[in-house]
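The numbers here are math on the coordinates, done by the rules we state, and not lab data. Computed from a prediction, not measured in an experiment: that's the story for all the values here. Reconstructed Cβ throughout: ideal geometry from the backbone, glycine too, with neighbour counts over all protein chains shown.
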Amino acid sequence: MCGVVGIVSRSEVAPMIYDGLTLLQHRGQDAAGIATSDSESFHLRKQLGLVRDVFREQHMLSLRGSMGIGHVRYPTAGSQDRELAQPMYVNSPYGISISHNGNLTNAEELKRDLRRKDLRHLNTESDSEVLLNVFAHELQSQGSVRPGYKEIFEAVRATQKRVRGAYSVVLMINGIGVVGFRDPNGIRPLILGSKENDLLGSDYVLASESTVLDVLGFNVIDDVKPGEAIFLDESGNMKREGCASDIAHTPCIFEYVYLARPDAKIDEISVHKSRMRMGDFLAKKIKKNHSSLEIDVVIPIPDSSTTSALQLALTLGKEYRQGFVKNRYIGRTFIMPFQEKREKSVRQKLNPIDFEFRGKKVLLVDDSIVRGTTSRQIIQMARQAGAKKVYFASASPAIRFQNVYGIDMAATTELVAHNRSEEEIKELIGADELIYQDLNDLIEAVKYGNPNIDKFECSVFDGQYVTADIDQIYLQKLEENRSDTKKKARN
């Protein structure tokens, strides 16, 4: 997962993009970048680190222009390298930069075609650079000295015919405008907003989550539809058009479980309300299948499980308490690149309040269980704090398969639920009882917010991939790249 922002305004955009990226910091803590255009020149600042550390006053002053794009990146199978930070830039044609959230599943094939047929140079192994060069080639093929929305939409249409996988993209064409588009399955989120500018006319924004629009004072126009492209020219005019013929809207369900902020809406579905319903369904399962559990108190693993845990406690009629103090200055352990960093960060990040555990039978609630190491450490903390019994509930089902659409969870062999029964997982993490959400209930909890969505991308739970190009060879290569051993070798 990553976070993207694109803004076209009648005033300087860099401060707004900076604020937007801070609101999306949860989507990536590895690197940040902003690119702007003042019609004549292109300006770029990107670096490894958090948004607040990457940009200083002198950088913001240099990022001149009334249109721009931004990006926050999280560690993926690639190395932690500044060259992999975004936005990425190519000077031909026109000067184009990209911010991309997702993953191309046919990147290797595209790399060969770009080098041998399109005669374009690639400087990194990033699939974002691949996507940038595919679009640049297709836009150049339109043969226009200064492309308008018709040529740009044709380039998007041609790009979508070539690339497969997940992509929510904002591109900036120097001196021309900002383009945003989404893959035909709408796997990764992208939303469009506008507001009236004091200088007359409208400002427009494209962002990964609606919270950016809310805080920056933009009104939501619409979610970018699967396969749709948005063109915002430098004069503040907006055009939109569907550019893919084979549409099958299947947004990533893990956005609602963990990735997105609770105050966001994605595809018209409130993340917060979805998590409330997850808590309801989980409570009903406990009542039905685990009625013998004597639960004294429900305690969330902060933060993304807090909403589900509170609703679960209310539905069960049990006491709800905040039993862990969270260090807000430690990043999300889920996206830490190496196991030892993840384990160390858990201890630095969470500390139990002893009297909330002492002598009690505690139900801990988390959003998900990935590798199991975090869950095991947290259960140990609860026991050390004096808990009499420690039950563990996950607001999502068991994660048993790799994600190929932009979430670098772990190699399959590192997933605690892969090829293990729930009883085996319970023993491994040291819980007295383990309760997983049922997949059908999770889907229902999210779908309730928008009944028009028939299907979600749930591959981490069921191993069913919505693009038809995922085979065992692809998964095996991904497995090798994602292992901690391979990551260490690259770094």
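Inside region 168-189, residues that are under 30 Å from Phe456 (Cβ atoms) and polar (S, T, N, Q) make up a count of 2.
Here Asp263, Asp280 are screened, and the one residue that is within 19 Å of the chain's Cα centre (by Cα), surrounded by fewer than 21 Cβ atoms within 10 Å (Cβ to Cβ), more than 30 Å from Arg146 (Cβ to Cβ) and not aliphatic (A, V, I, L, M) is Asp263.
Tell me, which residue of region 304-325 that is assigned to a loop (DSSP other than H, G, I, E, B) and without any contact (Cβ under 8 Å) to a residue 40 or more places away in the chain is farthest from Arg376 (Cα to Cα)? Break it down stepwise before answering.
Initial filter on region 304-325 (assigned to a loop (DSSP other than H, G, I, E, B)): 304-305, 317-318, 321-323.
Right, trim to without any contact (Cβ under 8 Å) to a residue 40 or more places away in the chain and you get 317, 321-322.
Details: Gly317: 27, Arg321: 20, Gln322: 19 Å.
It comes out as Gly317.
Taken as a whole, region 109-122 holds at least one residue that is in contact (Cβ under 8 Å) with a residue 40 or more places away in the chain and buried (at least 20 other Cβ atoms within 10 Å of the Cβ). Within the bounds of region 235-242, is there any residue that is touching a residue at least 60 places away in the same chain (Cβ under 8 Å), in a loop (DSSP other than H, G, I, E, B) and more than 28 Å from Tyr74 (Cα to Cα)? Yes, region 235-242 contains at least one residue that is touching a residue at least 60 places away in the same chain (Cβ under 8 Å), in a loop (DSSP other than H, G, I, E, B) and more than 28 Å from Tyr74 (Cα to Cα). The helices (runs of 4 or more DSSP H) falling completely within region 390-480 that include 1 or more residues that are farther than 27 Å from Gly186 by Cβ map to 422-429.
Which condition number does Met67 fail, the rest of (1) touching an Asp or Glu at 6+ places or on another chain (Cβ under 6 Å); (2) without any contact (Cβ under 8 Å) to a residue 60 or more places away in the chain; (3) buried (at least 20 other Cβ atoms within 10 Å of the Cβ); (4) not polar (S, T, N, Q) being met? Going through the list (1) touching an Asp or Glu at 6+ places or on another chain (Cβ under 6 Å); (2) without any contact (Cβ under 8 Å) to a residue 60 or more places away in the chain; (3) buried (at least 20 other Cβ atoms within 10 Å of the Cβ); (4) not polar (S, T, N, Q), Met67 breaks only (2). Taking the criterion of being in contact with a helix residue (DSSP H, G or I) (Cβ under 6 Å, 6 or more places away or on another chain), assigned to a strand (DSSP E or B) and more than 13 Å from Ala229 (Cα to Cα), would at least one residue in region 187-194 satisfy it? Looking through region 187-194, at least one residue is in contact with a helix residue (DSSP H, G or I) (Cβ under 6 Å, 6 or more places away or on another chain), assigned to a strand (DSSP E or B) and more than 13 Å from Ala229 (Cα to Cα). When you check Thr36 against the structure, is it part of a strand (DSSP E or B), over 27 Å from Ala410 (Cβ atoms) and polar (S, T, N, Q), yes or no? It is true that Thr36 is part of a strand (DSSP E or B), over 27 Å from Ala410 (Cβ atoms) and polar (S, T, N, Q).
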